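Everything below concerns the one structure shown next.
The values are calculated or read from the model by the stated rules, or taken from the named source; none is laboratory data. Note that this is a predicted model, so its numbers are computed, not measured. In this analysis, Cβ positions are derived from the backbone assuming ideal geometry, glycine residues included, and neighbour counts consider all displayed protein chains. Note: areas computed on protein heavy atoms with side chains; ligands, DNA, RNA excluded. Shrake-Rupley method; radii C 1.70, N 1.55, O 1.52, S 1.80 Å.
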Amino acid sequence: MKTQTKVMGGHVLLTVFTLCMLCSGVRTQLSFDIYAKSCPNLVQIVRRQVIIALKAEIRMAASLIRLHFHDCFVNGCDASVLLDGADSEKLAIPNINSVRGFEVIDTIKDAVENACPGVVSCADILTLAARDSVFLSGGPQWRVALGRKDGLVANQNSANNLPSPFEPLDAIIAKFVAVNLNITDVVALSGAHTFGQAKCAVFSNRLFNFTGAGTPDATLETSLLSNLQTVCPLGGNSNTTAPLDKNSTNAFDNNYFKNLLEGKGLLSSDQILFSSDLAVNTTKRLVEAYSRSQNLFFWDFTCSMIRMGNITNGASGEVRKNCRVINN
């Protein structure tokens, strides 16, 4: 946790608990104090378990926020991604052998159930764990409105339609708009790629034959290209990983956006935010602004996380006893 501790002091000004009220799209049924009496130590319990998980594996911070993202974009933020079964979202193409952190959520749920049985949803736990993963990695702090219910069904088909690292920018923007998020949310939430790892399988298409004419992606900076061709050679192990942000792999900062200005975005879906033709009138300005101001990035990222955390499909739900299965 040395990296996180060192960076953490830099975001004191971003710890603005009233920020939630300034971001649009807050679900009226959510509340900041819904568990004030029924589970008063919830926030402390979740954070303690996230700290333990990050000490065991620092990469888990990025994994938990990605898990939250993949949950909210399918059926809303209802912990449907945590369900096991034949139609599990875990078995969708973007998730299988990729999305991780389920055991950490199980551990947090057990700790919460020991203190407050049958009270707190898995969806709320996942939302809090994602927030804490950002904060403990040097990112902003915000207050999370709670009261989500756990969904009763998974949706593998929808999970197969999650935003993809292989898609053009217009398709990615359209998928955000479909869940009531906007272009600012596209860029700000992509900033979560400032930490964590990605498998060769999701970016090796850029390294050798991106155009179909045997040439790599021309927007990829040459020294990074050479390094990645070594890490992910033709015919190599597609499960080998590389850092999404080589300069600050485990820290939540704005270095991701500085990388994009230099052609050092790892995924195609990262670099197109700056280098594509469509970016000129959509996302490029935001990339440049966030590269100059970490505070601005932190502010917009916080608002985007709040908006994403408020996505709902309006269906009924429950508080699962076990995050992997619906109650009997």
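Compactness check for the chain: Cα Rg over 2.2 N^0.38 Å is 0.96.
List the residue ranges in the chain for DSSP H helices whose C-alpha atoms run 15 angstrom or more along the long axis and whose Kyte-Doolittle average is 0.5 or above.
Values: long enough: 42-56 (22 Å, 1.16); 60-72 (18 Å, 0.59); 102-115 (20 Å, 0.12); 122-135 (20 Å, 1.00); 294-309 (22 Å, 0.32).
Within the chain the helices that satisfy the rule are 42-56, 60-72, 122-135.
Rounded, prolate or oblate: pick one for the range 225-328, where a ≥ b ≥ c are the square roots of the eigenvalues of its C-alpha gyration tensor, a/c under 1.5 means rounded, and failing that, prolate if a/b is larger than b/c, else oblate.
Values: a/c = 2.28, a/b = 1.35, b/c = 1.69.
Taking the square roots of the gyration eigenvalues as a ≥ b ≥ c, the range 225-328 is oblate.
Springs between Cα atoms under 10 Å define the GNM used for the chain, and in it the highest mean-square fluctuation of Asp124, Asp132, Asp33 occurs at Asp33. By a 1.4 Å probe calculation restricted to protein chains, Thr215 has an accessible surface near 60 Å², given to the nearest 10.
In whole percent, how big is the carbon plus sulfur part of the accessible area of the chain, probe 1.4 Å, protein atoms only?
Details: 7600 of 14140 Å².
Taking all protein chains in place, the chain shows 54 percent carbon and sulfur surface.
Site pair Leu278 and Asn237 shows an inter-label distance of 3.5 nm when each label is modelled 7 Å from Cα along Cα→Cβ. Between Arg48 and Ala171, the modelled label-to-label distance comes to 4.6 nm, taking each label 7 Å out from Cα in the direction of the beta carbon.
With only Cα atoms counted, the range 165-308 has Rg and Dmax values of 14.8, 43 Å. Exactly which chymotrypsin sites (Phe, Trp or Tyr not before Pro) in the range 28-129 are in a DSSP loop and have at most 16 other Cβ atoms within 10 Å? Loop-located and lightly packed - Phe32. Computed over the range 47-104, the alpha-carbon pair-distance distribution with 10 angstrom bins reads 23, 52, 24, 1, each value a whole percent.
Heavy-atom accessible surface of the chain, averaged per residue, reaches 43 Å², computed with a 1.4 Å probe.
Once both labels are positioned 7 Å from their Cα atoms along Cα-to-Cβ, the gap between Thr222 and Val119 label points is 6.2 nm. The local environment of Gln229, defined by Cβ-Cβ distances under 14 Å, has a net charge of -1 under the rule Lys, Arg +1 and Asp, Glu -1. Sorted largest first, the spans of the alpha carbon positions of the range 84-214 along the three principal axes are 60, 37, 27 Å. Close amide H partners of Ala198, meaning residues 5 or more places away or on another chain with modelled amide H under 5 Å apart, are Ala242, Leu244. Cross-link partners of Lys258 among aspartates and glutamates, defined as those whose alpha carbon lies under 15 angstrom from its own and excluding same-chain residues fewer than eight positions apart: Glu221, Asp245, Asp270, Glu288. Taking only the alpha carbons of the range 67-155, we obtain Rg and Dmax values of 13.0, 38 Å in that order.
Lysines within cross-link reach of Lys109: Cα-Cα under 22 Å, excluding same-chain residues under 8 positions apart? List returned: Lys37, Lys55, Lys90, Lys149, Lys321.
Given the options Asp170, Asp150, Asp84, which has the most mean-square fluctuation in a GNM of the chain, springs set between C-alpha atoms less than 10 angstrom apart? Fluctuation is largest for Asp170.
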